[in-house]
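I have placed the structure first, in the form of structure tokens, so that the comments after it can refer back to it.
The values are calculated or read from the model by the stated rules, or taken from the named source; none is laboratory data. Since we're looking at a predicted model, the values are computed, not measured. Cβ coordinates were reconstructed from backbone atoms using ideal geometry, including for glycine residues, and neighbour counts include every protein chain displayed. What goes into the accessible areas is simple: the full protein's heavy atoms, side chains included, and nothing from ligands, DNA or RNA. Shrake-Rupley method; radii C 1.70, N 1.55, O 1.52, S 1.80 Å.
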Amino acid sequence: MIKRICILLFCTFFCTSSLWSQKSKVDSLKVILEKYESDNEFNTNKLADSTRANLLIKIGSAYGFHQPSEAVSYVKKALEISKKIGHKRGIANAKFQIGRIQSDNKQTNKSIQTTYEAIALYRELGDSLKIADCYNNIGVIYATTGNYVWAVAELFKAIKSFQGRKRRFG
């Protein structure tokens, strides 16, 4: 009985501390966004807009699966800004995040489609690391739905993309 109570207390503490850290990260990013927007209120160049889009994506990512409607709201704003200024990386990153959120919300087909759209953009940008991330996410989606043949195929694509990247660590 005592063991169960200890486990319950540990799980409660772990879950609340995880949510607390997510909230503080979101709050910090929102403060940065507000400061950035006030400092660049009259600045309408592409760099300012792409920075704003990147911050919105980070906020959406921080909300993650804890608050998917908030996450989607921020990422869609980033997608809109990125499309308006022709910021391909911003569009790709937004689609990647939207695909992850859709996956978390059991919107499997939409998630896969959105993630493939991100892959096409990352290909144009030559970003094999993000392509690998996308294939990995699709593989996980297929695995969680029990489609293991497709999961393995997508995960092999992820491995191939990781191996093909040109960046070296050291």
So, in nm, how far is label ARG123 from label PHE156 when the simple model puts each one 7 Å beyond its Cα toward the Cβ?
1.8
At 1.4 Å probe radius, can you tell me the per residue accessible area of the range 58-170 in Å²?
58
Potential extension, TYR116-THR145 segment - 0.36 nm per residue separation minus Cα distance:
8.7 nm
Carbon/sulfur accessible area of the range 45-129, % of total, 1.4 Å probe, equals 49
Could you please report the charge total around SER111, scoring K, R as +1 and D, E as -1 over all other residues with beta-carbon less than 13 angstrom from its beta-carbon?
+1
